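Working notes, beginning with the structure itself.
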């Protein structure tokens, strides 16, 4: 069986080329005028030429549209007033043709025409011109390869045009005075030139992502000065002319992510007086001029992740006082100058994940007290000074996973009074001072899995008694005292070396003890001078359990139990006593 094949249609078309003294045409001994019309513009003149057979040559001058049967070489020709109508030519179009109005009428709903996923490969010139009230035209996911001035001419009320997911190699739009949104993503465009969007003065949003764009003509943006959002991501753009965006003083959102840019020069972003978001992620940027970003005083979000940056000038963010989010993930940065963030007084999100940072200057964060999230994961940090975070009074999330920390010292997190989440997964931590978390009174989530811990003093948790989620999985614990954690709801202890386990917690809801060498499950399993009345989820898979006391879980109602048994006898005990256990759901696996 084969899939449905798109029909291959034979279609006739024509095109007009401008005549100059060097144009290869057959000149005549005289010029013979056939018809003369008054038209409001050149494209109305072209439309009439397309619709009648006698049009071989035409000229247009100040609303005067003239058709000719023959043409002699003269000064008027050299001045470019005449156009030559090439004879009809034939080409094959793989898909459907829009050449009759009945193919359109059935797809019109109120003020929109919906032709998505219709295998359309060609639209007859001017055929849409009668739909003057249409505001939306949807041509998503078709086979269009060419859009000419005449394709959508006459759609004078059109505001929204979606041409994404086609095969468009060339596009020229004219006569769409109210068009505000244009989607051209996922096509085959290679360049942007000034003749593409004539008269689109109200264009607000333009997306040309996922094409094959290599270059942008220097004056391209002069014709669309009211642009607010521009997406050029996922193309092949390797350089930008200085002041290329000089006319886009209203632009707010600029996406240049996933291109091949190697540098940002001093005047690359000149003229972007209103810009708030710039995406430069996924390029090959090695260098950013020290003054390249200084004029972007309205900028709020800057993404520079997944590039090849190694060194950044201390002045690079000098005037970005409104910047809210800065992403420098996945570069080759080894060190930050002490004053590089000094002017980022509004910064709330900073990520430098996956770089080569081995040390942090104690003054680096002194002026960014607005910070609420800091990501230092996947670097080379082995030590953090106790005053490093002293000024980050508003920080809520701190990520330090995948570094080389070995010890957490006294008052290491001084200043982080509002910290709610702390992630230190996959370090080399083997020791935590009992006063390490002294100032973290609002901490709710603590993640320490994949470290080398085998013991924690109970007082480690004395100042973080508001903790609700604790992850100590993949360590070396045999026992642990969590008596200070009277609000704890979730506890992960999988892949440690517990042989027995007991806990007194009235708040615990979810307990994960998977992959511990526990062999017996009896009444004292999770009871020590009390009980755990709110337990809803108990995971004890891969624990080598050989025996289970029928009274072990008798007090628990609505418990979800995941358990792996090493013997069939244990499985039979559980099945026989299911009503007694009050378990509503259990998953069992027999080794």
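The values are calculated or read from the model by the stated rules, or taken from the named source; none is laboratory data. All figures in this text were calculated on a predicted structure; none of them were measured in a lab. Glycine also receives a Cβ, built like all others from the backbone with ideal geometry; neighbour counts cover every protein chain displayed.
Tabulated data
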| item | result |
| --- | --- |
| Scan of segment 515-528 for residues that are surrounded by fewer than 21 Cβ atoms within 10 Å (Cβ to Cβ), at pLDDT below 85 and part of a loop (DSSP other than H, G, I, E, B), ordered by number | 519, 522, 523, 524, 527, 528 |
| Residue check, residue 398 assigned to a strand (DSSP E or B) and within 32 Å of the chain's Cα centre (by Cα) | yes |
| Residue match in segment 198-213 (condition: touching a helix residue (DSSP H, G or I) at 6+ places or on another chain (Cβ under 6 Å), closer than 22 Å to residue 159 by Cβ, assigned by TED's automatic domain parsing to the domain that holds residue 163 and buried (at least 20 other Cβ atoms within 10 Å of the Cβ)) | no |
| Members of segment 367-383 that are in contact with a strand residue (DSSP E or B) (Cβ under 8 Å, 6 or more places away or on another chain) and buried (at least 19 other Cβ atoms within 10 Å of the Cβ) | 368, 371, 374, 375, 376, 377 |
| Tally of residues being outside any loop (DSSP other than H, G, I, E, B) and either at pLDDT below 95 or over 21 Å from residue 110 (Cα atoms) (or both) across segment 121-144 | 3 |
| Selected residue [in a strand (DSSP E or B) and crowded, with 17+ Cβ neighbours inside 10 Å] from 251, 293, 302 | 302 |
| Check on residue 179, within 24 Å of residue 46 (Cβ to Cβ) and either modelled with pLDDT under 95 or under 24 Å from the mean Cα position of the chain (by Cα) (or both) | no |
| Which numbered condition residue 540 fails, given (1) modelled with pLDDT of 80 or more; (2) more than 24 Å from residue 443 (Cα to Cα); (3) assigned to a loop (DSSP other than H, G, I, E, B) | (3) |
| Segment 458-514: number of residues that are surrounded by fewer than 22 Cβ atoms within 10 Å (Cβ to Cβ) and touching a helix residue (DSSP H, G or I) at 6+ places or on another chain (Cβ under 7 Å) | 4 |
| Residue satisfying condition, being at pLDDT 95 or above and in contact with a strand residue (DSSP E or B) (Cβ under 6 Å, 6 or more places away or on another chain), within set 246, 229 | 229 |
| Some residue of segment 166-173 being more than 14 Å from residue 213 (Cα to Cα), in contact with a strand residue (DSSP E or B) (Cβ under 6 Å, 6 or more places away or on another chain) and touching a residue at least 40 places away in the same chain (Cβ under 8 Å) | no |
| Some residue of segment 292-309 being in contact with a strand residue (DSSP E or B) (Cβ under 8 Å, 6 or more places away or on another chain), at pLDDT 95 or above and within 17 Å of residue 364 (Cα to Cα) | no |
| Qualifying residue in segment 39-49 (condition: assigned to a loop (DSSP other than H, G, I, E, B), at pLDDT below 85 and closer than 22 Å to residue 177 by Cα) | yes |
